[in-house]
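To start, the structure itself, in structure tokens.
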Amino acid sequence: MKNIQILIIFLFSIGIYAQNISRINTDIKLSDSLTLDSEIRIYAGGGITNYSSLFRMYKDKSDKWTAEFYQHYAKVSGQAKLRSEKQTLKSKNDMEYVWNSILRTNVQFLPNMSEIKYKMRERGNVEFVDGEYQLMWKAKEIMDGIGYKVQIKADKKFNEIDYGNPESYLKYYPEVDELIYFNELLDIIKNEFEIWKK
């Protein structure tokens, strides 16, 4: 029963986040789908604020690379008006090098974080509880922090993944490849473009 409750809460939060992505795209006048052959979008948000951000990098039809950073403040009835800011970014290294560094993280192949949850727990013991045998797993659940949704199109392959608090989970599970790769992706963006740094 407890597992069903956790699953419902998880699916509900994904649904809310997906609606927010569509709203953000509408507010900043972007399509919901990636239309270019080489493009990545990383949406960052979470918590109880009306703030979210988007990193976007793409190659246009003339083979020119562009990187953009959007800061989005959603409308809150009676408290805050819709506001968004767009900034064109410059990378420390050549953009083609940055793109290939991004692909090196395997982000175009990574599964959703929900699919690797089994790796982020300690094997428990079989115990007799309430008249039945149960497997008692030990796992960390980090409820606050930043969630990321990534959409990438590369070599005609599209991938879309969600990771909640990957930086925090990596501290507890440093051996999980997918967390390592996802955090490498974030580190590349942070270091190349000087965004999302605390």
| query | Which whole-number percent is the relative contact order of the range 82-170 (Cα, under 8 Å, 6+ apart)? | reply | 25 percent
| request: Compute the separation of the alpha-carbon centres of the range 145-183 and the range 32-86 and state it in Å as a whole number. | output: 18 Å
| Between rounded, prolate and oblate, where does the range 75-129 land on the alpha carbon gyration tensor, with a ≥ b ≥ c its root eigenvalues, rounded for a/c under 1.5, else prolate if a/b exceeds b/c? | oblate
| Pair W196, E184: separation of 7 Å Cα→Cβ label points (nm) | 1.6 nm
| note | The pairs in K75/K117; K64/K86; K86/K149; K61/K92; K171/K197; K149/K171 lying past 25 Å Cα-Cα in this model are K75/K117
| Based on DSSP H runs of at least 4 residues, each adding -39500 (n - 2.57), what is the mean residue ellipticity at 222 nm of the chain after dividing by all its residues, to the nearest 500 deg cm²/dmol? | -10000 deg cm²/dmol
| On a 0 to 90 degree scale, rounded to 10, what angle separates helix 177-193 from the longest Cα axis of the chain? | 30 degrees
| task | Could you check the simple spin-label distance between E122 and T66, using points 7 Å along Cα→Cβ, in nm with one decimal? | result | 5.1 nm
| Taking the C-alpha atoms of the chain, how large are the radius of gyration and the largest Cα-Cα span, Dmax, in Å? | 18.8, 68
| remark: Expressed as a whole-number percentage, the relative contact order of the chain with C-alpha contacts under 8 angstrom and at least six residues apart is 19 percent
| task | Working from Cα positions, state the angle (0 to 90°, nearest 10) between the long axis of helix 2-27 and the longest principal axis of the chain. | result | 10 degrees
| field | Neighbour net charge for E96 - beta-carbon separation under 10 angstrom, K R +1, D E -1 | value | -1
| remark: Here Rg/Rh (Cα, Kirkwood) for the range 156-198 equals 1.01
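Taken together, the values in this text are just the output of simple stated rules run on the coordinates, not laboratory data. What you see is a predicted model; the values in this text were computed from it and never measured. Please note: Cβ atoms are built from the backbone with ideal geometry, for glycine as well, and neighbour counts cover all protein chains shown.
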